[in-house]
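Data block below; observations after.
The values are calculated or read from the model by the stated rules, or taken from the named source; none is laboratory data. Bear in mind that the values here come from a model prediction, so they are computed numbers and not experimental data. Counting neighbours? That spans all protein chains shown, and the Cβs are built from the backbone with ideal geometry, glycine included. All accessible areas refer to the heavy atoms of the entire protein, side chains included, with ligands and DNA or RNA removed. Shrake-Rupley method; radii C 1.70, N 1.55, O 1.52, S 1.80 Å.
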Amino acid sequence: MMQGGYGHDRGHGRGNGRAKGLRGGKLALTGVALAGFALALGAVADVARAQGGGAGGLTLPQNITMLGTASPNFRRATAVVNGDVITGTDVNQRLALIIAANQGRLSPAEIEQLRMQTLRNLIDESLQIQEAKSLEVSVDEAEMDATYARFATETFRQTVPALDAYLAKIGSSPASLKRQIRAELSWQRVLRRNVQPFVNVSQEEVKELLQRLNAAKGTDEYRVGEIFLSATPESRQIVSENARRIYDQLREGASFVAYARQYGESSAKSVGGDLGWLRLGQLPNELATVARDMQPGQMAGPVELRGGFSILYMIDRRKVLTADPRDAVLSLKQITISLPANLTDAQVQARTAEFDKAIKGAGGCGGVGAVAARLGAQVGSNDQIRARDLPAPLQQPILSLAVGQATPPFGSKEDGIQVLMLCGRDDAAASSGPNFDQLMSQIEDERVNKRAQAYLRDLRRDAIIEYN
């Protein structure tokens, strides 16, 4: 499906159904918290109760002069946004998960760069929550809790108590995450009220786009992820260095989606930087030149373009309105043998060759059980898996198989040697592309996103922000 146009609020338009959140779709969320202020207050309350309950059980002077350093639990403000305080604790809470994801490998300089970006994100959140409050738009606690629970199960694949425990383990709490949930839900409601009703798309525009889509049948489409960092001539050098640090961390295994959500500055940040399906002509020239030669799974950048720097991740490629073999639904059997730890490399090769020969002689999926029993192998199966959902190195080998054939062995001495046998395949039909209503919705979403960026810029411009 072709999505709408592309763009930052710095001069190019974008829309990939990203406003699903506006229309009640699944909310994309970012960030988790450090030890929250609520925990600090709870600890203070416990101490007070242990000492006799409040100041009444203490003998304290009226005028106090502090002689020591500040407590680590003291909430030092780093910014005040229209009177609302953003503290060092608030900033640290958003850094906690990224530091944990990088296993503490971030240098102090890298952490400070990320800290400044996090502060900017928190300022935007404050402005969004404040705007919602001024419009008497509210998010009730039940919805907050339900969204947090969905985040726990869908993103972390954990129960709420398990997620709470994980956050505590890495020095976090749910407080910061719930603050961001409130900001995103509130902002969606603001856009529904103040932006979406004033976005109009004519039938002629949709018909013209449908015609262009059909004319582009068979051409290449790219699904691209992007982390965009804005820069002015004055900040260009600093932003360039920050983008390079982020790129290096991504190459070392950091999550692209998590970094895009936390540090991206385009309207795609809420969906992990996913720009959706695009043709090269919809990208700025600087990005199109780079994306043209990228393969799925590759990353490039930072790429300098008007208004800032972009880091690109090629999620996928396909042909417009053409069936993609990787969308075939497969029925597979996975056969695995374990190897003793004391085998030599030569012995591992011999066992692998023996395993390969036995699988080839199985006579198809019906004979796998007997062969597995003879070899002491484990057998698993999946009758409804798309080829594109397999690891990239396995996709083409699987698609080249006939029913009853198996891949060459793969794996390691530590993890075991495996093969996949193809037991069935249902090829995907050619896509007819979006219909009229779907395409109209996509164009509307693009325009809502562009206006939302302008709306937030206006809020930033009019805000009174004091830094400490």
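Among the residues of the range 226-280, count how many are assigned to a strand (DSSP E or B) and not aliphatic (A, V, I, L, M).
Looking only at that region, the number is 6.
Restricting the search to the range 85-98, which residues are touching a residue at least 40 places away in the same chain (Cβ under 8 Å) and not acidic (D, E)?
If the condition is that a residue be touching a residue at least 40 places away in the same chain (Cβ under 8 Å) and not acidic (D, E), then I86, T87, T89, N92, Q93, R94, L95, A96, L97, I98 are the ones that fit.
Looking at (1) open to solvent by less than 20 Å² (accessible area, probe 1.4 Å); (2) within 25 Å of G264 (Cα to Cα), which one does A328 not meet, given that it meets all the others?
In the conditions (1) open to solvent by less than 20 Å² (accessible area, probe 1.4 Å); (2) within 25 Å of G264 (Cα to Cα), A328 misses (2) alone.
Of the conditions (1) touching a residue at least 12 places away in the same chain (Cβ under 8 Å); (2) within 26 Å of R245 (Cβ to Cβ), S107 clears all except one; give me its number.
Status for S107: all satisfied but (1).
Return the total of residues in the range 404-417 being under 13 Å from Q378 (Cα atoms) and within 31 Å of the chain's Cα centre (by Cα).
Residues meeting the conditions: 1.
T407: in contact (Cβ under 8 Å) with a residue 40 or more places away in the chain, surrounded by 13 or more Cβ atoms within 10 Å (Cβ to Cβ) and over 30 Å from K217 (Cβ atoms), yes or no?
No: the conditions fail for T407.
So, of the residues in the range 94-125 that are under 25 Å from Q188 (Cα atoms) and not aliphatic (A, V, I, L, M), which turns out to be most open to solvent (accessible area, probe 1.4 Å)?
The qualifying residue most open to solvent (accessible area, probe 1.4 Å) is R120.
Scan the helices (runs of 4 or more DSSP H) fully inside the range 108-221 and keep the ones with 3 or more residues being over 26 Å from N468 (Cα atoms).
By residue number, 141-154, 160-169, 174-194, 203-215.
Answer yes or no as to whether M440 is part of a strand (DSSP E or B) and either modelled with pLDDT of 90 or more or within 30 Å of K319 (Cβ to Cβ) (or both).
no
Which one is farthest from A428 (Cα to Cα) among residues in the range 362-404 that are surrounded by fewer than 17 Cβ atoms within 10 Å (Cβ to Cβ) and polar (S, T, N, Q)?
Q378
If you scan the range 225-273, which residues turn out to be open to solvent by 50 Å² or more (accessible area, probe 1.4 Å) and touching a Pro at 6+ places or on another chain (Cβ under 7 Å)?
R244, the sole residue that qualifies.
When you check D293 against the structure, is it open to solvent by 20 Å² or more (accessible area, probe 1.4 Å), closer than 19 Å to Q117 by Cα, free of Cβ contacts under 8 Å to residues at least 40 places away in the same chain and of a type in the set (D, E, K, R), yes or no?
So D293 does not fit the description; no.
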